[in-house]
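Taking it in order: structure first as structure tokens, then the write-up.
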Amino acid sequence: MTSAVPVIDVHELTKVFGKKTVVDKVSLSVREGEIYGFLGPNGSGKTTTIRMLCGLLRPDGGQGTCLGHDVLTESELIKPHVGYMAQRFSLYGDLSVRENLEFMARMYGVADRRQAVNDTMERMNLAGFAATLAGNLSGGWKQRLALAACMIHSPRLLLLDEPTAGVDPTARRDFWDEVHKLAGQGITALISTHYMDEAERCHRLAYIAYGKLLTTGTAAEIVARENLTTWEISGHDLYALIDGLRALPGVEQVVAFGVTLHVSGKDAAAMEAHLPPFLAGRATAVRIASSLEEVFISLMRGSKS
């Protein structure tokens, strides 16, 4: 269960590299024990924001706190209480699983390193790989080792940057099961992801594109707020209809879903008026609930225009 206490509470965070504003006045509030999904396309500013929160980058503007400490002036007080997992596997491939965890325990000044390493390996089901070189692990087990390294010093906050990229569905599910267990213990997690099924497993979400925060809330709140209308088109030779569908008034996106097409837009009246006549005799249309993915695509396109 989440708490009302904000672990992350930042306002208008900004980061500029050269002449480019990579993060443009982003505000986030994440509660204790919350799994907070951070979504957006590549290059949207997710990683830069995460690095500002954990003290690896200094913001060029904005203010706020992380774990009660000022993100501008007290980054050194934040770092010891955060577990940060980078996009790419960043542990030592020529060290064993145990050696990697022992090294991380020394880096964080863990008091009883041997016990902490043993407990962490047992908890993450890594004990059977203790002597295995990290470089020889599969993608899913590397991911598990990276999460174990994040947890070795018992952090209060996890900042996980695309942690499940490139791993199989079973490993992804196991990872999320573990994250939910940690949240049940009061540990907060901010997780960036591209996967919509993972986004729906988060308590709340934020969506960022082109450096700007576009929306926040639960998945249901975001879908309802966007008020996107979606129709599912069924029939033969649907691909021949795509260009014509995209040209219809009110249509913003046409996407293939298996043997159907999903047609979405915000102008429900225009779609209602023009879609049935266009499809008459060629295909059938049924109105369906808009998905989170369709809503995010609509948001991203709207922010670019």
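The values are calculated or read from the model by the stated rules, or taken from the named source; none is laboratory data. Just so you know, these numbers come straight off a predicted model, no measurement behind them. Every residue, glycine as well, gets a Cβ built from its backbone with ideal geometry; the counts of neighbours run over all protein chains shown.
Within region 73-85, does at least one residue satisfy the condition of being in the same structural domain as D161 (by TED's automatic domain parsing), out of contact with any His (no Cβ under 9 Å at 6 or more places or on another chain), under 25 Å from G166 (Cα atoms) and not β-branched (V, I, T)? Checked against the condition, which is being in the same structural domain as D161 (by TED's automatic domain parsing), out of contact with any His (no Cβ under 9 Å at 6 or more places or on another chain), under 25 Å from G166 (Cα atoms) and not β-branched (V, I, T), region 73-85 yields at least one hit. Checked against (1) at pLDDT 95 or above; (2) assigned to a helix (DSSP H, G or I), Y239 meets all criteria but (1). The residues listed here are V286, V263; of these, the one that is hydrophobic (A, V, I, L, M, F, W, C), under 30 Å from L205 (Cβ atoms) and under 30 Å from the mean Cα position of the chain (by Cα) is V263.
Within region 241-250, is even one residue surrounded by 21 or more Cβ atoms within 10 Å (Cβ to Cβ), touching a His at 6+ places or on another chain (Cβ under 9 Å), within 24 Å of F278 (Cβ to Cβ) and outside the structural domain of W176 (by TED's automatic domain parsing)? Among the residues of region 241-250, not one is surrounded by 21 or more Cβ atoms within 10 Å (Cβ to Cβ), touching a His at 6+ places or on another chain (Cβ under 9 Å), within 24 Å of F278 (Cβ to Cβ) and outside the structural domain of W176 (by TED's automatic domain parsing), which makes the answer no. Evaluating Q143 against the criteria (1) assigned to a helix (DSSP H, G or I); (2) surrounded by fewer than 20 Cβ atoms within 10 Å (Cβ to Cβ); (3) at pLDDT below 90 leaves one unmet condition, (2). Total residues in region 1-16 satisfying the condition of being surrounded by fewer than 15 Cβ atoms within 10 Å (Cβ to Cβ) and either modelled with pLDDT of 95 or more or closer than 14 Å to R204 by Cα (or both): the figure is 5. Residues that are free of Cβ contacts under 8 Å to residues at least 24 places away in the same chain and of a type in the set (S, T, N, Q) were ranked within region 52-96; the one that is surrounded by the most Cβ atoms within 10 Å (Cβ to Cβ) is S75. Scanning region 264-294 for residues that are crowded, with 19+ Cβ neighbours inside 10 Å, of a type outside the set (S, T, N, Q) and assigned to a loop (DSSP other than H, G, I, E, B) returns no hits. If the condition is being modelled with pLDDT under 95 and polar (S, T, N, Q), then region 17-47 contributes N42, S44, T47.
Can you give me the ranges of the helices (runs of 4 or more DSSP H) entirely in region 17-135 with at least 1 residues that are among the aliphatic types (A, V, I, L, M) and over 24 Å from the mean Cα position of the chain (by Cα)? Fully inside region 17-135 and qualifying: 75-78, 97-107, 113-123.
On the basis of being of a type outside the set (D, E, K, R), over 25 Å from C54 (Cα atoms) and out of contact with any strand residue (DSSP E or B) (no Cβ under 6 Å at 6 or more places or on another chain), does N136 make the cut? Yes, satisfied.
Selection of helices (runs of 4 or more DSSP H) fully inside region 159-227 by the criterion of at least 2 residues being buried (at least 17 other Cβ atoms within 10 Å of the Cβ), at pLDDT 90 or above and not hydrophobic (A, V, I, L, M, F, W, C) returns nothing.
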